[in-house]
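Asks: Sharing a structure below in structure tokens format, with a few things to ask.
The values are calculated or read from the model by the stated rules, or taken from the named source; none is laboratory data. Everything numeric here is computed off the predicted structure, so don't read it as measured data. Backbone-built Cβ (ideal geometry, glycine too); neighbour counts: all protein chains shown. SASA here: full protein model, heavy atoms, side chains in, ligands and nucleic acids out. Shrake-Rupley method; radii C 1.70, N 1.55, O 1.52, S 1.80 Å.
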Amino acid sequence: MVYRRYLTPGHRAFIPDFGVYIKYEADGKLEYARSRGKLVMFCVERRKAWRMLQSKAGIQNKEYAAQKAILAEVDAGKIPLDEFSGSRSRTAS
């Protein structure tokens, strides 16, 4: 994490240390699991390294291109941050 935007509560990359959860489907019903912010950062860094390896091999990742397009719309203000981040509202302190 080079730019440390994950520490700024008002930024779209903010990752709280506690209160992070994932939603998944098990046996046909939705389940929730708690996690720590450090695990989220580990997953982000691992995905980033995988994309770097793909790019060095000349592989175009369509999901990454779509993600960059959506993030550009969020940064431009076309998609509100609250809508982008789901039901959680983020406030700068």
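Asks: Quick one: with all protein chains in place, what share of the accessible area of the chain is carbon or sulfur, to the nearest percent (1.4 Å probe)?
Replies: Exposed carbon and sulfur together represent 56 percent of the surface.
Asks: List the lysines whose Cα sits under 22 Å from the Cα of K62, skipping any in the same chain fewer than 8 residues away.
Replies: Cross-link targets: K48, K78.
Asks: Let me ask another. Under a point spin-label approximation (7 Å from Cα along Cα-to-Cβ), what is the R46-F84 distance to one decimal in nm?
Replies: In this crude spin-label approximation the distance works out to 2.5 nm.
Asks: What residue among G19, G28, G37 shows peak mean-square fluctuation when the chain is described by a Gaussian network model with Cα springs under 10 Å?
Replies: Maximum among the listed residues: G28.
Asks: Further question: Work out from phi, with θ = phi - 60° and the Karplus expression 6.51 cos²θ - 1.76 cosθ + 1.60, the ³J(HN,Hα) of each residue of region 41-48, listed in order in whole Hz, and give x for Gly and Pro.
Replies: 5, 4, 5, 5, 5, 5, 5, 5
Asks: From the Cα gyration tensor of the chain, with a ≥ b ≥ c the square roots of its eigenvalues, which class applies: rounded if a/c is under 1.5, or else prolate if a/b is larger than b/c, or else oblate?
Replies: It comes out rounded by the Cα gyration axes.
Asks: Something else: Work out how much length Y64 to K23 would gain on full extension: take 0.36 nm times their residue separation and subtract the Cα-Cα distance, in nm to one decimal.
Replies: Taking 0.36 nm per residue and subtracting the Cα distance, the gain is 12.6 nm.
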